[in-house]
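The values are calculated or read from the model by the stated rules, or taken from the named source; none is laboratory data. It should be emphasised that the depicted structure is a prediction, and the values quoted were computed from it without experimental measurement. Note that each Cβ is placed from the backbone with ideal geometry, even for glycine, and that neighbours are counted across all protein chains shown.
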Amino acid sequence: MKDPDSEAQLPLPSLARESGAQVIKLPASPNTVTANRPTANKASRRTPARRIRPNKLWYALFLPQLTNLAPSQQKKYLNQLAGHIQSVSSNVSFHPQALACEVRSGLKYFGGIDTIHQKLKKLLEEQLRQWDLDDNFLYAASPTISGSLLLARSGHNALVYRKENLRSALGQLPTDVLHLDREQGRRLHNMGVRYLRDIWRLPSDGVRKRFGSKFVDQLDKALGKAPEPTCNYVPPPAFITSYDLPYELENLDRVLPIVDELLAQLCDFLRRRDLSTSHLILSLLHEKRDSTAVSIGLRQASRSQQHLMLLLETHFSQLSIPAPIIAIKIEVIKFDSFIAESNSLLKEAVPRLSRRNDNSLVQFMEQLQARLGNNHIKFVRSVAQHCPEHASAQLDYNDESNQRNSIGKVKKVSNNPRPLWLLQDPVLLHINKGRLFYRKPIAILSGPERIETHWWSGADVCRDYYVARESSGSRLWIYQEKGSVKKWYLHGIFA
């Protein structure tokens, strides 16, 4: 990377070293105090020298191969590339198809801008090849972000150290680097403006009136005349903590105090970042054996140390380890936003069903799931189907959110009464003296409700359903087949 204005940055030659040069001493002013004259309170008259901070140096990367990708895919790729750039800079800024990072603070540590460029080039080219994209990219560096982006877009892999050299370096660029819309590009072309230096010759008031404040502000930001906000990259949170035991342990009860301390570190980490977690893994490490992993999946994200500890204790009650434990590790798999609860302002407020009751039920179900196993807790969900055999689905407790999108697309279900207990095989009813019998005589209360299968289902079913009641008071759901032989069957029992 070469600075096009490097000659202007060289120190001026000293006149005393030139042959024939004469050094002329200027006469002292009457008010000037000579060095031999004693002065009173000389130290108090000295003004401290102001330390001039060097300008920031922004290294910009422009990736034209991302142009044809979807915006979501571009954002995903830029986030991953920003993670690589953080190895040389902690300040990374996002821009359309480009990234910019501040490298002035790391020049001394890495040994110069060339070393930083070679390090980034190796990382980024390898990542781009993994995505099957062109591994070439454009780059430039200058004291401003916009200036570096303009230099990179033009293909000038240039380096401008000093802000006073930006105007001459940017003035050589064509106006295409501004990414103007079609109308603004046409106006500049009709005015005979081809390069940025041509724009700076125009009166600023007229340019602002013709092209708008956004156009002028973009040029001022490139020259460092206007403040430039940055969209900084924030890496995703990650939490892994471990503890090496001083000696081997075989009793899980003796491991619980150490686990409690690790969970305290986790909850403090979550509170500081206003986060919670819904999935974490506790690993018990053994000597010369695979680690024993305990997966804690929460239906509702939490950062309660007491609740997490209770779940782990429940898992430990049924856990058997193959070998003594030498270390413990906790890793968070999924982070979630923390949703706080607010108490009532008035103490005499009427109690109502609140989120706290829902949390208690969810925590109870999580404890039950930890005790019985992940696949032993089911829930029943209604499905919009005519046939009673297919009108409900039994799903895993953890898959409710996924099944809600797939099965519950059609929200309308039958409003007719349906029994809570549906028999797997319908029971044939008997008729005695014109009356239906199950265990006792049956009286029909309401009906019929005609239910037929679809003609493409492969099973021809046509039934008339009725709500009936036994003499004992229990309600039944019965049906009569509509065919040559009209038999009666019991299909369900109400509560």
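In region 272-294, the qualifying residues are those that are without any contact (Cβ under 8 Å) to a residue 40 or more places away in the chain and over 17 Å from Ala327 (Cα atoms), and the one that is surrounded by the most Cβ atoms within 10 Å (Cβ to Cβ) is Arg273. Out of the residues in region 315-338 meeting the condition of being buried (at least 18 other Cβ atoms within 10 Å of the Cβ) and of a type outside the set (A, V, I, L, M), tell me which one is modelled with the lowest pLDDT. Across region 315-338, the extreme among qualifying residues is Phe316. Restricting attention to region 164-215, the residues that are among the polar types (S, T, N, Q), surrounded by 12 or more Cβ atoms within 10 Å (Cβ to Cβ) and without any contact (Cβ under 8 Å) to a residue 24 or more places away in the chain total 1.
Against the condition under 22 Å from Pro237 (Cα atoms) and crowded, with 17+ Cβ neighbours inside 10 Å, how does Leu308 come out, does it pass?
On the way: under 22 Å from Pro237 (Cα atoms): yes; crowded, with 17+ Cβ neighbours inside 10 Å: yes.
Yes.
Counting only strands (runs of 3 or more DSSP E) that sit completely within region 194-309, those holding 3 or more residues that are of a type in the set (Val, Ile, Thr) correspond to 289-302.
Which ones in region 282-309 are among the aliphatic types (A, V, I, L, M) and under 20 Å from Glu250 (Cα atoms)? Give the steps one after another, and end with the answer.
Let us first name the residues in region 282-309 that are among the aliphatic types (A, V, I, L, M), namely 282, 284-285, 293-294, 296, 298, 301, 308-309.
Scanning region 282-309 gives Leu282, Leu284, Leu285, Ala293, Val294, Met309.
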